[in-house]
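Peer 1: Before we start, here is the structure in question, set down as structure tokens.
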């Protein structure tokens with residue numbers, strides 16, 4: 001890949017990750033944490049990622065999780081106690097291989113934004129509590145985001161990898177979030193030409 005293209009992509013990733021929550025940070029006894037897993041299903045020939053935003057309703061602080069893997073990825077995040085709401089998500093995708101076989105000379109860029117989530121997607125976490133929020137899956141073909149319950153699989157995986165989580169009691173909160181088929185729309189479709 002051309003060094004200019006590599007620099008361009010790396011710059012976008014670094015800028016985008018500013019303010020992103022830290023995955024699997026050290027936990028102390030009184031720290032609160034959420035556990036979730038995620039993945040992005042992209043159509044053939046498309047490379048895409050998503051940013052899932054949530055807000056602390058007491059402080060107004062907004063943070064996001066960066067979702068880039070097509071394989072299921074399980075992790076935990078440390079949060080301060082409070083009530084949070086998932087507010088929106090963004091989808092970015094590039095088609096490197098065109099249907100007629102061209103590659104890298106043209107890159108189609110798709111940017112999508114979700115509709116606002118009006119009533120669901122709220123959770124409250126208390127000091128020292130650990131919640132499992134579910135498996136967050138973005139399906140670019142259907143333009144939807146859904147939260148499913150993969151509790152046993154995800155909790156077993158995270159307890160094997162992170163000893164601090166192993167000793168904690170973990171409440172399954174995935175059904176209470178009630179996020180199903182959260183739609184998005186395409187905001188911009190641009191074509192970039194590379195030599």
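Only the coordinates and a few stated rules stand behind these numbers; no lab work does. As the structure is a computational prediction, the values presented were derived from the model and not from experiment. In this analysis, Cβ positions are derived from the backbone assuming ideal geometry, glycine residues included, and neighbour counts consider all displayed protein chains.
Peer 1: In what sequence do 130, 142 fall when counting other Cβ within 10 Å, fewest first?
Peer 2: Fewest-to-most Cβ neighbours within 10 Å comes out as 142, 130.
Peer 1: Just how far, in whole angstrom, is the stretch 138-179 from the stretch 22-61 if you go by their alpha carbon centroids?
Peer 2: With the stretch 22-61 and the stretch 138-179 each reduced to a Cα centre, they are spaced 11 Å.
Peer 1: Can you sort 111, 147 from fewest to most other Cβ atoms within 10 Å of each residue's own Cβ? Please report the intermediate quantities before stating the final value.
Peer 2: On the way: 111 14, 147 24.
Final ranking by Cβ density, sparse to dense: 111, 147.
Peer 1: Highest first, please rank the peptides 26-34, 153-161 by the mean number of other Cβ atoms sitting within 10 Å of their residues.
Peer 2: Top to bottom by mean Cβ count within 10 Å: 153-161, 26-34.
Peer 1: Taking neighbour Cβ counts within 10 Å as the exposure measure, how do 169, 114, 141 sort from fewest upward?
Peer 2: Placing the least packed residue first, the sequence is 169, 141, 114.
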